[in-house]
Amino acid sequence: MEDIRIRFYSKTGNTKKVAQYIGDALNLEALPISDDDISSPCVLLILGGAPYANIMSSKLREYANKIESQNVEAIALFTTSNWSRRTVRALKKIFKEKNIKVYDKYLYVHMLRVNKAKNKSYKFAKDILEKYKKSN
Ligand SMILES: Cc1cc2nc3c(=O)[nH]c(=O)nc-3n(C[C@H](O)[C@H](O)[C@H](O)COP(=O)(O)O)c2cc1C
């Protein structure tokens with residue numbers, strides 16, 4: 001398959017769990033963000049994070065800032081939190097400013113519903129893959 005990447009930043013495991021559901025749905029490994037593959041091209045990056053005291057972690061922001069438009073065709077976002085969707089909004093802003101295509105549709109899972117979010121995450125993963133395929 002073309003290179004589809006699932007990456008996440010997770011301090012307490014919630015976002016990681018959702019990333020793993022998405023990975024299971026697409027038969028891909030979900031990995032924590034790292035600089036290792038940041039400059040190798042991928043067609044679709046599925047990226048997740050969470051807010052801590054209202055903002056995403058600086059590590060996730062730095063990672064997002066390093067992504068270059070020539071290395072990624074499209075990005076889909078997911079987030080877990082207590083109430084805020086700010087992480088997704090802030091990431092969208094970063095990528096839009098770089099002229100990277102970001103899907104409007106994103107996955108939100110409340111932090112207390114992570115264990116019950118398998119089906120929702122599967123559906124999101126399949127929908128995003130479908131969207132990506134349709135646009136190519
Ligand atoms: C220190 C701390 C601060 C948090 N601040 C917020 C917040 O401002 N807004 C919110 O909606 N959730 C907040 N949360 C909840 C987390 O975003 C939520 O638990 C999320 O699922 C954590 O993701 P992770 O387990 O992948 O690290 C906070 C959690 C922690 C531990």
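Odds and ends about this structure:
- Residue selected from segment 75-93 under the condition more than 16 Å from the ligand (Cβ to nearest atom) and either over 20 Å from Asp24 (Cα atoms) or among the hydroxyl-bearing types (Ser, Thr, Tyr) (or both), by the criterion surrounded by the most Cβ atoms within 10 Å (Cβ to Cβ): Lys92
- Among the residues listed as Ser69, Ser40, Ser58, Ser34, the single one being surrounded by fewer than 22 Cβ atoms within 10 Å (Cβ to Cβ) and within 14 Å of the ligand (Cβ to nearest atom): Ser58
- Of all the criteria given as (1) modelled with pLDDT of 95 or more; (2) farther than 25 Å from Lys131 by Cα, the one not satisfied by Leu107 is (2).
- Within segment 9-66, the set of residues being without any contact (Cβ under 8 Å) to a residue 60 or more places away in the chain and part of a strand (DSSP E or B) comprises Ala30, Leu31, Pro32, Cys42, Leu45, Leu47, Gly48, Gly49, Pro51, Tyr52, Ile55, Met56.
- Among the residues listed as Lys101, Lys96, the single one being free of Cβ contacts under 8 Å to residues at least 24 places away in the same chain and away from the ligand (no atom under 15 Å from the Cβ): Lys96
- Residue count for segment 94-136 satisfying the condition of being closer than 20 Å to Gly49 by Cβ and assigned to a loop (DSSP other than H, G, I, E, B): 10.
- Single match in Lys131, Lys59 (criterion: charged (D, E, K, R), touching a Phe, Trp or Tyr at 6+ places or on another chain (Cβ under 7 Å) and modelled with pLDDT under 95): Lys131
- Here segment 104-116 is the region considered, the condition is being in contact (Cβ under 8 Å) with a residue 24 or more places away in the chain and over 21 Å from Ser57 (Cβ atoms), and the residue that is surrounded by the most Cβ atoms within 10 Å (Cβ to Cβ) is Lys105.
The values are calculated or read from the model by the stated rules, or taken from the named source; none is laboratory data. Quick caveat: nothing in here was measured; it's all calculated off a predicted structure. FYI the Cβ positions are ideal-geometry reconstructions off the backbone, even for glycines, and counts take in every protein chain you see.
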